[in-house]
Amino acid sequence: MTGAIGTSTARVDGIAKVTGTARYAYEHPFTDPVYLYPVQATITRGKIDTFHASAAEEVDGVLAVLSPWNAPRLADISDPELTLLQGPEVKFRGQIIGAVIATTPEIARYAQSLVEVGYAEEEHDTVLRTDHPDRYPEDDPQTIGDDVDQALSDAEIVIDQQYSTPEEHNTPMEPHTSVARWHAEEQHLTLTTATQGPHSVVDTLAPLLGLEPQQLRVVSPHVGGGFGSKAAPHAHDVLAALGAMAVPGRSVKYAITRQQGFVFVGYRSPTQQHLRLGARADGTLTAIDHESFSQVSPVGSFSENASSISASMYAADSRRLVHHLVPLDVPPPHWMRAPGEAPGMFALEVAMDELAVAAGVDPVELRLRNDPPRDPATGNRWTSRRLVDCLHEGARQFGWQDRDPRPGVRRDGEWLVGTGMASATYPHVMMPGTKATIRHNGAGRYTVRTGAADIGTGAWTTLTLISADALGISPDRVTMEIGDSSLPTATVAGGSSGTSSWGSAIVAAAEMFRRQHGEDPDAGAQTTGGVSEDPLAEGYTAASFGAHFVEVRVHPGTGEVRVPRMRGVFSIGRVINPRTVRSQLLGGMVMGVSMALHERSVRDPRFGHVVTQDLASYHVPVHADIEDMDASWLDDSDELATPMGSRGAGEIGIVGSAAAIANAVYHATGLRLRHLPLTPAVLLGD
Amino acid sequence: MESKLALTVDGEEHAIVVDNRTTLLDALRDHLGSTAPKKGCDHGQCGSCTVLEDDRRVTTCLSLAVAHDGASIVTASGLSGDDGLHPMQQAFIDQDAFQCGYCTPGQICSAIGMLAEAADGSPSFVTDDLAEAPSLTDAEIRERLSGNLCRCGAYVNIVAAVKQAAEEGTA
């Protein structure tokens, strides 16, 4: 080890990004590009009767109009989300049902408006409700320990409440973009796209398009955020590929509009949750019963399981978890930062605050009393569970001690002031399968290649530091190459698993390189190695933990909630690059503020689409919403989890943060609010 | 319909022919290959497309290219000179004031334009005393940059970067 890991390091892609020269998917120098604009369904459920394209085809500059009848046939139609233009069925409003390809974006967009589509419309249903007749449990209820109903009836304190979180959209700043070029002679497709995993795009799309993996190259060196929505290919990638096959030899550019980003690139399902906590008089939990509901699309199976967070968070002798799916005529929900954990932890941590009030116990003390020595879901040992240390350190930094628990009694001028806290957790995920190639270029300089993705996480830099220590050299002697499926295979940037998975592979490859080539290798010496299994030993559970502390101010006249101060303390194993990790944790906390106070996709049940489909009506925090906020971490290392001693940091910041704010709003106002977001209308009792 | 127009971008003069429907942003990106102004919303709601036109910050997605004949535009790519990065760019790197980097060129142009506006004495919504020159408090910086969204949530570090650059006297 040379000590690169742990050294605060500026991003290696920093100059490219501040000068605007880092190329995102749309911005590569394509020769002679053409532009695609989709035709979208204007009904929510039914069939296309007629598709008249002649007016569009006659526009000067239009090269092709794709419809469900003339689009290239797909070789594999097993994934309905990606089965595009293969039939007349409409399953959700805004579904892609055609496309215009033209020489300019203006012509493509105008010509698309000339396509006349007739439908046989059927009734639709887009409203999530817990008594929906078609609801079904995703799995059998997970029962751990003693009978939960008995424990609840024996409990001295019972918290029994309903919670909900709204539909939310990832809305990365870079709208999803896919540029496809079909080389007919070589029978090869190049897809320059914004993705969290170039190889996962190949794995999914090659069979769909009837191609061998080597016939598809995915290029994605810089990605403008994803938050899960770019973790798998979506309909726009398939559309660009089909478009490319219709006009071989041309680069077909398709950048989705911001509005389309609220349709077919994934989103977080709304959740409805019923939580029952049973406890002794001192707040010690005896029962946790967590039931949740999310919606599922006719063209997808993704499930936002909010109840599973309660499996391992706190000790209790009896526990039952069940998640129900409600099939609706909606686009497919998909990953959004901490899927399941973020909405589930909102409910659990607000319920814990209610229990603290009911038991007359300080909220921090309540969590200390319920910290499980082993993983309650499995009986496993923890590799490292330091929630208690995070709670103590967070309380110290924030100045939590001697907090007056009484709600609604502190005023600063017109403002009501309160403080709140919540725990955070996120499971450690290491995905086996990544390979890395180490090459000595001569003169002690090395190139390290793997098909990883940097979606803003800092992977370009983090993997440089890991490579440097693994090879025993200084970081400036390492050139990273990532973001391309022509590089050695890599797993996806998702589930906070990227650094763990790719870093472990680089460490393994570097060890193999030194075994094969020694400390003084020839120029050109090269080794490819990787990790084929998760090194976590049987009988262990690994997870990250944290604690959020928040001060809020609530204006009783306007219902406005401000967050003047917020602190997060996390246990995430060894921190590879303090500079970028702090940014990731802060970014998660900002998204927690956003979840608590701003974000809500309003789906109109009459028409089936999201009305708040732009950045004026879908609210996310702006500069003025984020005040004094900081994130820090414990001095930590978890070498049972990864050889670097690190665990994931990408998602834990959003987990629990919305609950901490809701709990602070209770402390400020006395209003216990269990349904997000906490907008002024909600605060004013609408 | 098409029109001919002249644009100076990052010091380079261009004569282009554009569809009259083409926005200034699309002219920069599609016609001139400029990668610094980004398309985040195309509706003036996110600020990613911000450039400096005659030293003022402008959202290029909100106006048509034909309305900018003869304009002189500086994007984030044109800020760095022979002696390296613009101090605002260096401050963004030093403070890790970005993650994915997509909003970053717009944030940087907006921050430079904002410092000039404040130096000129333009008040903002949070300026207490309209008779006095506004002082660059954190609240002033946040208010004046609230037209530039960052979904990665780098706001704390962006404010730190703007303060660093302002203290270095680069307004």
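Nothing in this text is a laboratory measurement; each read-out follows from the coordinates by a stated rule. The shown structure was predicted, so the numbers you read here are calculated from the model rather than taken from an experiment. Cβ coordinates were reconstructed from backbone atoms using ideal geometry, including for glycine residues, and neighbour counts include every protein chain displayed.
For the reader, a short list of remarks on this structure follows.
- Overall form of the protein assembly as shown per C-alpha gyration tensor (a/c, 1.5; a/b vs b/c): rounded
- Bridge orientation summary for the protein assembly as shown: considering DSSP beta bridges with both residues in this region, about 75 percent are antiparallel.
- Its DSSP H runs of at least 4 residues, each contributing -39,500 (n - 2.57), put the calculated 222 nm mean residue ellipticity of chain A at -7000 deg cm²/dmol, to the nearest 500.
- Shape annotation for segment B:2-78: C-alpha extents along the principal axes are 29, 25, 20 Å, from largest to smallest.
- Between segment B:1-75 and segment A:101-139, the C-alpha centres lie 33 angstrom from each other.
- Selection from A:271, A:119, A:528 lying farthest towards where the dipole of the protein assembly as shown points positive, charges on Cβ: A:528
- Where a label projected 7 Å from the Cα of residue A:185 along Cα→Cβ would reach, residues of segment A:239-256 with amide N under 17 Å: A:248-251
- Residues B:125, A:545, A:302, sorted so that the one with the fewest Cβ neighbours within 10 Å comes first: B:125, A:302, A:545
- Options B:114, B:102, B:162, ranked by Cα towards positive dipole end of segment B:87-167, top entry (Cβ charges): B:102
- Label separation (residue A:560 vs residue A:671): 1.5 nm, computed from points 7 Å beyond Cα along the C-beta direction.
- The residue A:411 and residue A:161 beta-carbon pair, evaluated with R₀ = 30 Å, returns a calculated FRET efficiency of approximately 0.60.
- Label-point separation in nm, residue B:20 to residue A:396, each point 7 Å along Cα→Cβ: 7.0
- Here is how the number arises for chain B: DSSP H runs of 4 or more residues each give -39500 (n - 2.57), the sum is divided by the residue count, and the result at 222 nm is -8000 deg cm²/dmol.
- Ordering A:69, A:182, A:382 by the number of other Cβ atoms within 10 Å of each residue's own Cβ, fewest first, gives A:69, A:382, A:182.
- Relative contact order (%) - criterion: Cα under 8 Å, at least six apart; region: segment B:87-167: 49
- Over chain A, relative contact order from alpha-carbon pairs under 8 Å, at least 6 apart, %: 17
- Remark: segment B:87-167 carries a charge dipole of roughly 400 debye about the Cα centre, counting +1 on each Lys and Arg Cβ and -1 on each Asp and Glu Cβ.
- Net charge contributed by nearby residues that have their C-beta within less than 11 Å of residue B:56 (K/R +1, D/E -1): -4
- Beta bridges per DSSP, both residues in segment B:8-94: antiparallel share near 85 percent.
- Per residue of peptide A:569-582, the mean number of Cβ atoms on other chains within 10 Å of the residue Cβ is 1.
- Cross-link table A:253/B:163; B:38/B:163; B:4/B:38; A:91/A:435; A:47/A:253; A:435/B:39, entries beyond 31 Å C-alpha to C-alpha: A:253/B:163; A:91/A:435; A:435/B:39
- Sites residue A:515 and residue A:214 - FRET efficiency at Förster radius 30 Å, r taken between beta-carbons, to 0.05: 0.50
- Theoretical FRET efficiency, 1/(1+(r/R0)^6), r = Cβ-Cβ of residue A:602 and residue A:135, R0 25 Å, to 0.05: 0.65
- Rough spin-label spacing in nm, given labels placed 7 Å along Cα→Cβ, for residue B:167 and residue A:73: 6.8
- Mean separation of Cα contacts under 8 Å (6+ apart) over length of segment B:2-78, as relative contact order %: 39
- Sequence of A:52, A:440, A:428, A:274 once ranked by neighbouring C-beta atoms within 10 Å, starting from the fewest: A:52, A:274, A:440, A:428
- Listed residues B:50, B:75, B:22, most fluctuating in chain B (Gaussian network, C-alpha, under 10 Å): B:22
- Gain in span if fully extended, residue A:122 to residue A:52, counting 0.36 nm per residue against the direct Cα distance: 23.1 nm
- Projecting the Cα atoms of A:653, A:204, A:669 onto the dipole axis of the protein assembly as shown, where Lys and Arg carry +1 and Asp and Glu carry -1 at the beta carbon, places A:204 farthest toward the positive end.
- Cα-centred dipole magnitude for chain B, charges only on beta-carbon of K, R (+1) and D, E (-1), debye, nearest 20: 660
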